[in-house]
Structure formats: structure tokens, C-alpha cells
1. Can you go through Leu183, Leu212, Leu163 and tell me which one is at pLDDT below 80 and within 30 Å of Lys130 (Cβ to Cβ)?
2. Within the set of pairs 6 or more residues apart or between chains, which connect a residue that is farther than 12 Å from Leu166 by Cα and hydrophobic (A, V, I, L, M, F, W, C) inside the range 114-143 to a residue that is at pLDDT below 90 and open to solvent by 50 Å² or more (accessible area, probe 1.4 Å) with Cβ atoms less than 7 Å apart?
3. Please list, ordered by residue number, the helices (runs of 4 or more DSSP H) wholly in the range 53-138 having 2 or more residues that are open to solvent by 30 Å² or more (accessible area, probe 1.4 Å) and farther than 15 Å from Arg174 by Cβ.
4. In the list Arg174, Arg204, which residue meets the criterion of being open to solvent by 10 Å² or more (accessible area, probe 1.4 Å), at pLDDT 80 or above, closer than 22 Å to Arg72 by Cβ and under 20 Å from the mean Cα position of the chain (by Cα)?
Amino acid sequence: MSILGVNDIVEKVYQNTYNHYNTDMVSGTSFSEKLSNVKEKDSFKNMWKSRFPGAYYHVMDAYKIPQNVWEREDFPFEKFFQDEVDNSVLNWKPSGEEPAMTDPKVQNRLNSTLGQNSIVVPPALEEKLKNNPALADKIMKNIDYLFAWNGYPAIPDGNHSALIVLDENGEVIRWRLTSGGGLVGPTEEEQRQFKAEQKKKAERKAEYMRILEESSIKRAEMEHNQYQKNLRRISANKVLVSAYEKNIMFL
């Protein structure tokens with residue numbers, strides 16, 4: 001089975017929720033601990049591969065792929081799980097009706113990526129990441145949070161795979177988390193279980209988006225209040241400067 005999603009405002013909710021999920025849900029050695037063992041001069045690519053040995057790392061603008069295209073079951077996402085990726089995948093368009101997730105061909109493609117991990121970094125972000133371990137750490141913490149939210153292991157095992165797409169600011173904007181599920185030729189019981197799992201995932205996503213929205217509103221209010229304070233400070237400074245220039249003393 002596969003989980004697809006968009007997360008272009010993770011940073012707005014991360015501070016309020018990440019620590020909780022990182023403590024309760026993420027297991028294993030954190031990336032922050034691994035990062036401490038990596039020299040600052042090392043690239044983000046090396047850091048990623050240190051976290052996921054044998055993982056793929058691509059530099060291209062995959063974040064521009066439309067979400068409605070990315071979510072399709074026939075989107076050739078498996079192309080990102082190889083050493084070289086043809087840029088034509090960025091302009092892929094569907095040519096017919098979307099197949100069901102239970103379609104044998106879809107399941108075969110999903111299973112072909114199990115145990116593998118891939119990340120796609122825009123060229124603009126690649127430049128920002130040079131000698132910037134703090135930004136690398138932030139990105140990996142957001143990925144940890146993404147895994148925790150979806151109930152995936154901190155480091156996907158042979159029965160899981162992760163495809164992460166970052167935008168130019170380092171935010172996780174597209175993702176596809178896959179786990180083995182044996183959905184080819186499902187029995188009635190397996191179909192009921194699959195529907196129940198999909199319902200739970202939809203509920204988790206709805207709750208996730210609700211938290212993001214609330215956090216976004218709070219962040220906007222904080223920024224507005226700070227903006228007003230800055231305006232008042234600037235106005236006060238202007239008065240003092242004007243008074244000084246006119247040799248006026250305020251008692």
C-alpha cells in the first residue's frame with residue numbers, strides 16, 4: 001500500500017508537535033545524533049546516504065510535478081529509484097483511466113521499490129545546502145516527523161520505502177511512503193481491512209491538516225503582532241531623531 005501527500009507548511013506545525021511525536025513514535029538513532037558524526041564540510045547528499053545506505057539522491061525540480069499527477073497510481077514514481085532519472089518524468093501526463101491500487105501492475109511497481117529510499121532536491125536548494133548542516137538537520141527532522149505521523153519506522157526497513165521531494169526552501173512538499181501489503185488478488189477480509197486502513201489514514205490526514213491550519217493562523221497572528229511592534233519602534237525612533245535634530249529635549 002502507498003501513502004501520498006503534500007506538506008508545504010510543515011515548518012509552521014513542527015515546533016508545536018515534532019518533539020511529542022519524536023519522543024513517542026520515532027524509534028532508533030535520530031538523524032541529529034548521526035549528524036554529529038558527520039563533518040560540516042560533507043554535503044547533504046553524504047548525510048542522506050549516511051542515514052540511508054544505498055539510497056538514491058537526485059537533483060531536479062520534481063516539486064513542480066502537479067499534485068493531481070503525483071497522486072495517480074500510474075505515475076512512474078519508481079523511476080526515482082535508480083541512479084539516473086530522465087527529466088521526462090517531470091512532464092509525465094496520464095494517457096488513460098487511472099488503475100486501481102489493487103491492480104497487479106500497480107502492486108508490482110510498488111513492491112519493486114521496497115527496501116529502497118530516494119530523495120529529490122531542487123538545484124536551488126542544493127546550492128543553499130552547501131556547508132549548511134543546520135538546514136540539513138532541519139530537513140531531516142521534518143522527514144522524521146513525516147515518518148512518525150504516518151506510523152513508519154524512523155529508518156524504513158526492507159518492507160518499506162520512502163520517496164521524498166523537497167521544494168526550494170527544503171520543505172517536504174511531495175512524498176510517497178510504501179509498505180508491503182500483499183494486496184494483489186485480495187480476499188473479502190483483506191478488502192475490508194484495506195478500506196479500514198484507508199479510512200484511518202484519511203482521518204489522520206484530516207487531523208494533520210487541521211493542526212497545520214491552526215498553527216498557520218497562530219503563526220500569522222504572531223508575525224502580525226511583531227510587525228506592529230516594529231512599526232511602533234520605528235515611529236518612536238523617528239520622533240527621537242526629529243527631536244534631536246531640532247535640539248528639543250524631552251523631560
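1. Values: Leu183 fails: within 30 Å of Lys130 (Cβ to Cβ); Leu163 fails: at pLDDT below 80.
Answer to the check: Leu212.
2. Leu114/Gly158; Leu114/Asn159
3. Numbers: elements: 67-70, 104-111, 123-128.
Hits in the range 53-138: 104-111, 123-128.
4. Arg174
The values are calculated or read from the model by the stated rules, or taken from the named source; none is laboratory data. What you see is a predicted model; the values in this text were computed from it and never measured. Virtual Cβ from ideal backbone geometry, glycine too; neighbours counted across all protein chains shown. The accessibility values were calculated without ligands, DNA or RNA, using every heavy atom of the protein model including side chains. Shrake-Rupley method; radii C 1.70, N 1.55, O 1.52, S 1.80 Å.
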